[in-house]
1. Looking at residue 199, is it modelled with pLDDT under 95 and buried (at least 20 other Cβ atoms within 10 Å of the Cβ)?
2. Can you name the residue in the range 101-112 that is outside any helix (DSSP H, G or I) and more than 22 Å from the chain's Cα centre (by Cα) and is also surrounded by the fewest Cβ atoms within 10 Å (Cβ to Cβ) among such residues?
3. The conditions are (1) in contact (Cβ under 8 Å) with a residue 60 or more places away in the chain; (2) exposed (fewer than 14 other Cβ atoms within 10 Å of the Cβ); (3) under 12 Å from residue 23 (Cα atoms), and residue 306 fails exactly one of them. Which is it?
4. Considering each of 31, 14 in turn, give the residue that is at pLDDT 95 or above, farther than 16 Å from residue 179 by Cβ and touching a strand residue (DSSP E or B) at 6+ places or on another chain (Cβ under 9 Å).
């Protein structure tokens, strides 16, 4: 029987960096002075904010392929975790204080990053069952979810629950097209590279650079496939850099690795702190609003991260006690 696949600790660091960027991005979008958000430098910064969500998808796909290399994993435990993620995603959008409003359930059907992460995970679970055909199937799915993005913008079934996944015209913040593609790309990348700093890492970095910097020569200038390919290229390069440097910066980055291990909890907690916790009679989002200078947003994002990380630390301690009890 093959030995269990070794955990790639650099992925915890990579995910932790994404969590840190996520908290900053949400804080900036919510609290930065509206006049500053309308400046050229902020629009430029928003491009880099746009790399955060793809990073979570890519990491999820890479991890899923990594843990199943050499032998398939049982289907039900992984499916259960994904269904829990999907349930959390829906619960976060239920308007608990206004359940009987006419638009309440339209809001509850809103699709966000967790919904798409769960669906992409389920697609990879199905692909895993196909043995040596798994990478071919994932590659076909990748082409479909990226190539059909433009067409999907006009798709409409009349069923709100389904339409929210197809495009953002119904109010969703994310859609399956092309976001699932980042997870599938991470899955395929693990097929090329085992996460170590070797010649395969150099190949992945070179391929990422080609995708990131070839946009002037793209056949889709400014189009949907270019959006995906350019961001995928940056992610692949960033992953190789983190993988090669992770051991050298292990001292002092334990807090980031913790954030990576508890990323789901930190995601939920910091959004609840911003949008749901009444302080004192309304949420932080409305109590502060888009009024803060850059340094104020920085302090708020640090506070959100520290509180969320503290709860993540407590949750990890709880899991360790339960494991060894």
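1. Judged against the criteria, residue 199 is not a match.
2. Residue satisfying both the conditions and the ranking: 102.
3. Tallying (1) in contact (Cβ under 8 Å) with a residue 60 or more places away in the chain; (2) exposed (fewer than 14 other Cβ atoms within 10 Å of the Cβ); (3) under 12 Å from residue 23 (Cα atoms), residue 306 fails exactly one: (1).
4. Working: 14 fails: touching a strand residue (DSSP E or B) at 6+ places or on another chain (Cβ under 9 Å).
Just one listed residue meets the conditions, 31.
The values are calculated or read from the model by the stated rules, or taken from the named source; none is laboratory data. Treat the numbers as computed from the prediction; the structure is a model and nothing was measured. Here the Cβ is made from the backbone with ideal geometry for all residues, glycine too, and neighbour counts use every protein chain on show.
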